[in-house]
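What follows is a short report on a single structure.
The values are calculated or read from the model by the stated rules, or taken from the named source; none is laboratory data. A quick note: this is a predicted structure, and the numbers were derived from the prediction, not measured. Using ideal geometry, Cβ is built from the backbone for each residue, glycine included, and neighbour counts are taken over all protein chains shown.
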Amino acid sequence: MAEAIASRLAVGLGRLGTESAFSVLARARELERDGRDVIHLEIGEPDFETPAHVCEAAFAAIRAGHTHYCPSAGLDELREAAAAYLSNSRGIDVQRGSVLVANGAKPFLFFTILAVCDPGDEVIYPDPGFPIYESAISWAGAVPVPLPLHEERDFVFDVGELEARLSPRTKLVILNSPQNPTGGVIDSTTIDETSALIRESDAWVLSDEVYWRLIYEDEFSSIASRPGMLERTILLDGLSKTYAMTGWRCGFAAVPQPLIDPLVRFFVNSTSCVPPFVQLAGVAALTGPQGSVETMLEEFRIRRRLVVERLNEIPGIRCRRPAGAFYAFPNVSALPLSADEFASRLLEESGVALLAGSAFGQIGRDNLRVSYANSQAALDRALDRITDFVDALA
Ligand SMILES: Cc1ncc(COP(=O)(O)O)c(C=O)c1O
């Protein structure tokens, strides 16, 4: 009986992907339970504490009784604060009524795709890219159309290649800058050319900008700020990366009018709302002191140099300097093993957890994703181990 029931799962489940960071983390934890020392470079979250004033705002909200259901679109206080934040940072005019709040940025990815795609519709998305894009596209029965990001272009796509992929069947174009897993940042000329192209199409745009505060040299450029784009762009941002709030589960987006009601219906059908005390903490994050973001960025800048320099010293590894986020994406194609094998053997034999580029699509299969959201001391030790691991291959 139990066996018969076990086989009665939805056939469509095969279309639902996953995020391998979580399975690598699980394996690393298993090794740690067996007494092994593992250095974690696999997880995409800042290794900083949530700022104290944000935690205090949450405690105060709980004490004041903000512990019940609240509107599915989000609390007015957070929608208002997020509208001002998005408007000021991107030089656009976002009204409170256009902002929705969800349990992280992730639900916006999933539900936007479900809200706009019918089976057979095409969605263009970055490859390598955050694995949830392809998973959600496939789950919706839509056709994933990968847009290559090129290492030699510092992981920015070629606008000609985007043009070649746009068609009347394109329902949605997903952009991500700064980018996971490469750290690439789309420059403002590419944003201009992309918006000019997309304006000629009928495609929606989902601009995933959750890492926008973590950018090292360039000015940040959002496609939502280009003429005519805001009304077709889901401008996605959140608290996770900027304020070290990954576990709080709170994201927000400026949403074009026709998508507001469909997205709220998805929220009503799934999670009902984001806990109100979390949202009030979010207001404190967006409107309070921003020093923690600066401190975190400066620390990431130091680690970026450390990681990139040391990786490039290892024969057979080459690594571009990422312009944003906290990931390096070194290429290991000159080594006598695949990047997949490298990642799994490095964890098992040397106790360093990182991700194979194949977890992010076809194009990155010769690369590794190294998250430098770990201390300089831990990064140094990890790089010693990686150096020894590669030496032993020779
Ligand atoms: C590109 C990208 N978008 C969205 C998310 C999801 O963030 P959140 O924690 O807000 O759901 C992540 C998290 O790793 C990410 O890398």
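Data table
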{"item": "The listed residue being of a type in the set (K, R), in contact (Cβ under 8 Å) with a residue 60 or more places away in the chain and farther than 21 Å from S188 by Cβ, out of R249, R265", "result": "R249"}
{"item": "Elements of type strands (runs of 3 or more DSSP E) in the stretch 62-174, at least 1 residues being more than 26 Å from S272 (Cα to Cα)", "result": "122-127, 143-148"}
{"item": "Residue that is surrounded by the most Cβ atoms within 10 Å (Cβ to Cβ) [pool: residues in the stretch 89-113 that are more than 16 Å from the ligand (Cβ to nearest atom) and of a type in the set (A, V, I, L, M, F, W, C)]", "result": "V94"}
{"item": "Identity of the residue in the stretch 19-51, within 14 Å of the ligand (Cβ to nearest atom) and assigned to a helix (DSSP H, G or I), that ends up farthest from P128 (Cα to Cα)", "result": "L25"}
{"item": "Output for the stretch 366-394, where each listed residue is more than 27 Å from S240 (Cβ to Cβ), at pLDDT 95 or above and in a loop (DSSP other than H, G, I, E, B)", "result": "D366"}
{"item": "Among the residues listed as V156, V94, V99, V123, the single one being closer than 26 Å to E217 by Cβ and within 23 Å of the chain's Cα centre (by Cα)", "result": "V156"}
{"item": "Tally of residues being under 22 Å from the mean Cα position of the chain (by Cα), assigned to a helix (DSSP H, G or I) and either more than 14 Å from A373 (Cβ to Cβ) or aliphatic (A, V, I, L, M) (or both) across the stretch 299-332", "result": "4"}
{"item": "Search result, residues across the stretch 125-140 that are in contact with a Leu (Cβ under 7 Å, 6 or more places away or on another chain) and either within 15 Å of the ligand (Cβ to nearest atom) or touching a residue at least 60 places away in the same chain (Cβ under 8 Å) (or both)", "result": "Y125, P126, D127, P128, I132, Y133, S135, A136, W139"}
{"item": "Wholly within the stretch 190-289, strands (runs of 3 or more DSSP E) carrying at least 1 residues that are more than 16 Å from the ligand (Cβ to nearest atom) and buried (at least 20 other Cβ atoms within 10 Å of the Cβ)", "result": "204-208"}
